[in-house]
1. Give the relative contact order (percent, whole number) for the chain; include only Cα pairs under 8 Å separated by 6+ residues.
2. Only helical DSSP H runs with n ≥ 4 go in: add -39500 (n - 2.57) per run for the chain, normalise by residue count and round the 222 nm mean residue ellipticity to 500 deg cm²/dmol.
3. At 0.36 nm per residue, and after removing the present C-alpha to C-alpha distance, how many nm does the segment from residue 21 to residue 34 gain when stretched out fully?
4. Round to the nearest 10 and give me the degree value, 0 to 90, for the angle of helix 124-138's Cα axis relative to the longest principal axis of the chain.
5. Pulled fully out, how much extra length does the chain show between residue 103 and residue 2, if you take 0.36 nm times their separation in residues and subtract their Cα-Cα distance?
Amino acid sequence: MSTDVSGMIECRPGSRLWGPDDEDSVWEVGIDLFLLNRGNAYEGLACLFGIRNSFGFRPLAEDRGFPDDASDGLRGEFAGYGGPHDVHGTTWLTWAELDTTDWQETDASGTRTRAAAAGTDTDWGRVWSVMRILSEVHGAENVRLVVWFH
C-alpha cells in the first residue's frame with residue numbers, strides 16, 4: 001500500500017505588522033501542496049517527516065500533529081480528507097526550521113543526503129521556493145507547511 005502526502009503552505013501576514021500575539025495575527029492559507037509537488041518520493045517523506053523511514057534519516061518534523069491555530073481554509077481542506085480519523089499522521093514545518101537545516105546530513109547508511117532526498121533540486125524545491133518568497137514578506141517563523149498522510 002502506498003503513502004500519499006497532502007497539505008498546504010500557510011502564512012501569518014499580520015504577525016509582521018502587529019506582532020505574533022495580536023488578535024489579527026492569524027494563519028492564512030497560501031497554496032495547496034498539490035499544486036507544487038508532483039510525487040510522494042519516500043526518501044523525501046522519510047527525511048522530512050519520518051514517514052516510511054527505512055532510510056534512517058533523523059526527521060525534521062515528525063508527528064507534531066495538526067496545528068491548534070490552523071487557518072479556516074486549512075481546517076476545511078483537512079476535513080475533506082476525513083480529518084484525524086482517516087489520515088495517518090499530521091505534522092508541520094516552518095521556513096525558519098528549513099532555512100537552518102543541514103542539507104548535507106545523511107541517512108543512517110551515510111549515502112543519502114537531505115539535499116538529495118528533499119532539497120532544492122527535487123520536487124520539494126518548488127515548495128521551498130514558495131515558502132522562501134513568503135518568508136521574505138512575512139518572516140521565516142510566519143510561514144509553515146502543514147502536511148498529512150493517507
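Every number here is computed from the coordinates shown, using simple stated rules; none is lab data. Computed from a predicted structure; not experimentally measured.
1. Once normalised by length, the contact order is 32 percent.
2. That comes out to -8500 deg cm²/dmol.
3. Result for the pair: 1.6 nm of gain on full extension.
4. The answer is roughly 30 degrees.
5. 33.8 nm
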